Amino acid sequence: MLPILAFDTSAAHCAAALLLPAPLNTCRVIQRLEPMEKGQAERLIPLLEEVLAEGRIGWSDLKALAVGTGPGNFTGVRISVAAARGLALGLGVPAIGVTRLEALAFGLPRPVMVVEDARRDQVYVQLFTESGAGVAHLADRVVPACPATGSAAGDGALAPAMPLVEAIARIGAARAATPQPRPAPFYLRGADAAPPSDPPPVILP
């Protein structure tokens, strides 16, 4: 189902990919990746419009959206998911959520284990086999028993088959023909922010 526009702000970047139909049942890819620690909320929509302009299409030409749902930066994930939901509603097209872990595994031979740095001396882990995906979880350490990819996969890690946002777009395109749940943040750990521990103020009569 093309054209499909994908985007991701789950890490220190703002990324977008547009898949366009091409001759011989193939597709053309236009993508952008802009590293940034903050400012994704302000940059995302202008970046998407630039990608659409390069592809010479408008918002109304899109058949679907795909969005990276994490795990990753708590605020970054929420930025993209909220944008995807709003755009999908306004455009009347489906929005498909794709996790960072399945995007990293996409296009690699099975079995493959994704091992991503989760900080705090932990890693995100998910195994992908010919029969499907295992359960994603947090671990203190892992010794892969099969080929592995990801930022914490260690020496000999497989390189991803393609840029993350392109993988999100291709997975989204494959799923767009069937009903999908609304995108939702994929969290394996709660937010770093915590409510204040001070007692609430006393309200005088």
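The values are calculated or read from the model by the stated rules, or taken from the named source; none is laboratory data. As the structure is a prediction and not an experimental result, all values here were calculated from the model. Cβ atoms come from the backbone with ideal geometry, glycine included; neighbour counts cover every protein chain shown. In case anyone asks, the SASA skips ligands and DNA or RNA and just uses the protein heavy atoms, side chains included. Shrake-Rupley method; radii C 1.70, N 1.55, O 1.52, S 1.80 Å.
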Are any of the residues in the stretch 166-188 hydroxyl-bearing (Ser, Thr, Tyr), touching a Gly at 6+ places or on another chain (Cβ under 9 Å) and open to solvent by 50 Å² or more (accessible area, probe 1.4 Å)?
yes
Residue list for the stretch 14-38, restricted to those being small (Gly, Ala, Ser) and touching a residue at least 60 places away in the same chain (Cβ under 8 Å):
Ala15, Ala16, Ala17
Taking the stretch 125-138, which residues are closer than 12 Å to Val114 by Cα and either of a type in the set (A, V, I, L, M, F, W, C) or open to solvent by 50 Å² or more (accessible area, probe 1.4 Å) (or both)?
Val125, Leu127, Phe128, Ala133, Val135, Ala136, His137, Leu138
So which residues in the stretch 97-129 are closer than 17 Å to Arg141 by Cα and among the charged types (D, E, K, R)?
Glu116, Asp117, Arg119, Arg120, Asp121
Tabulated pairs, the stretch 100-117, first over 12 Å from Cys146 (Cβ atoms) and touching a residue at least 40 places away in the same chain (Cβ under 8 Å), second assigned to a loop (DSSP other than H, G, I, E, B) and open to solvent by 60 Å² or more (accessible area, probe 1.4 Å), C-beta under 7 angstrom, 6+ apart or interchain:
Leu104/Pro160; Glu116/Ser151
Going by the structure shown, is Gly86 over 26 Å from Lys38 (Cβ atoms) and either out of contact with any strand residue (DSSP E or B) (no Cβ under 9 Å at 6 or more places or on another chain) or surrounded by fewer than 22 Cβ atoms within 10 Å (Cβ to Cβ) (or both)?
no
Scan the stretch 5-22 and tell me whether some residue there is more than 17 Å from the chain's Cα centre (by Cα), open to solvent by less than 50 Å² (accessible area, probe 1.4 Å) and farther than 16 Å from Val67 by Cα.
yes
Considering each of Ala66, Ala136, Ala88 in turn, give the residue that is in contact with a Leu (Cβ under 9 Å, 6 or more places away or on another chain), more than 19 Å from Pro179 (Cα to Cα), at pLDDT 95 or above and of a type in the set (A, V, I, L, M, F, W, C).
Ala136
Flagged in the stretch 31-63 as within 22 Å of Pro181 (Cα to Cα), part of a loop (DSSP other than H, G, I, E, B) and open to solvent by 50 Å² or more (accessible area, probe 1.4 Å), in numbering order, are Lys63
